[in-house]
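*Asks:* Structure incoming, see below.
Bear in mind that the values in this text are calculations on the coordinates, not laboratory data. Note that this is a predicted model, so its numbers are computed, not measured. Virtual Cβ from ideal backbone geometry, glycine too; neighbours counted across all protein chains shown.
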Amino acid sequence: MTDDPDTDARDARLDATPGRGVTPEARTIDPAAPEEFGLVQVWWGDGKGKTTAALGMGMRAVGHGYRVHLLQFMKGGASSVEAVRGEYNAIAALPGFSYENAGHYGWHAMNDGSADEDHEREARAGLARATDLVEAARDADLSRPLDPDGPPEAGVNMLILDELLYAADRGLVSPEAVVELVESKPDALELVLTGSHARPDYLAERADLVTRVAKERHPIDAGQRARKGTEY
């Protein structure tokens, strides 16, 4: 402590700030094990940004040397987007980040040439895959750094199940199966679930973070198609 109360107050504020007020700078990424992972996150709502938020957290996690895997449901492709999405290109360039797609071409319940039973088959296969990945994380030692180049079957620190809540909302997978998946996760695994315009009440008491992304205005309502670099 000093004799200057203003200096003492400033130092106290800095002590409560990550990095103590030092301007952050990029560092070399070395494999590491997170100390505080293990929560269940739910991102839902009719606004744009649910997937974007999940991807942003994934990028932040790999920046600390953690292992992240993205499993996307529903987003199998459509005439409004290109075959390769920007996030896939970016993920491929990041150490410790991997992805896979469990979607079917088109969109469920839309007149786009795709069959609803195909969407259901792919969604159920995706849920089975998610279950396998959660089990793999349970078998892994998440208290030690994971190989950033290792397969997700060797364990991950963060598992993002993008659009799984849409699949449940549309009856392609059961909400009960999603609850079972959440309840089976190991304590150290950070589990992120996104999707659905409808509130997933079945997860309200089982999630640690529930965020509603609400739409006030969206260009799609004026006929704007998905744009390269923002929606894919």
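*Asks:* Can you list the GluC sites (Glu not before Pro) in segment 155-232 that are in a DSSP coil and have 10 or fewer other beta carbons within 10 angstrom?
*Replies:* Listed in order of number, the matching sites are Glu205, Glu216.
*Asks:* Can you name the helices of the chain, as whole DSSP H runs, whose Cα span along the helix axis is 18 Å or more and whose Kyte-Doolittle mean is not below 0.0? Don't skip to the answer; put the middle values down first.
*Replies:* On the way: long enough: 50-63 (20 Å, 0.44); 116-139 (35 Å, -1.15).
Those that clear 18 Å and a mean of 0.0 are 50-63.
*Asks:* Given +1 on the Cβ of Lys and Arg, -1 on the Cβ of Asp and Glu, and no further charges, what dipole in debye does the chain carry about its Cα centre, rounded to the nearest 20? Numbers along the way, then the final one.
*Replies:* On the way: 25 positive and 41 negative charges, 172 e Å.
Charge dipole of the chain: 820 debye, to the nearest 20.
*Asks:* Now a separate question. Within a 10 angstrom radius of the beta carbon, how do His218, His119 rank from fewest other beta carbons to most?
*Replies:* So the ranking, lowest neighbour count to highest, is His218, His119.
*Asks:* Could you list Leu94, Leu193, Leu172 so that the one with the fewest beta carbons within 10 Å of its beta carbon is first and the one with the most is last? Walk me through the numbers before you get to the answer.
*Replies:* Numbers: Leu94 15, Leu193 29, Leu172 24.
Going from sparsest to densest Cβ surroundings: Leu94, Leu172, Leu193.
*Asks:* Could you work out the relative contact order of the chain? I mean the mean sequence separation of Cα pairs under 8 Å and 6+ apart, divided by the number of residues, in percent.
*Replies:* On the way: 413 pairs, mean separation 73.0, N = 232.
For the chain, the relative contact order is 31 percent.
*Asks:* So, one more: Students often get this wrong, so try it: which of (1) 30, 23, 17; (2) 34, 22, 18; (3) 30, 18, 17 is semi-axes √(5λ) of the Cα gyration tensor in Å as calculated from the structure shown?
*Replies:* Checking each listed value against the structure points to (2).
*Asks:* What is the distance in Å between the Cα centroid of segment 215-232 and that of segment 39-60?
*Replies:* 17
*Asks:* Can I ask one more? Do any trypsin sites (Lys or Arg not before Pro) in segment 198-230 lie in a DSSP loop with no more than 15 other beta carbon atoms within 10 Å, and if so, which?
*Replies:* Arg206, Lys215, Arg217, Arg225, Arg227, Lys228
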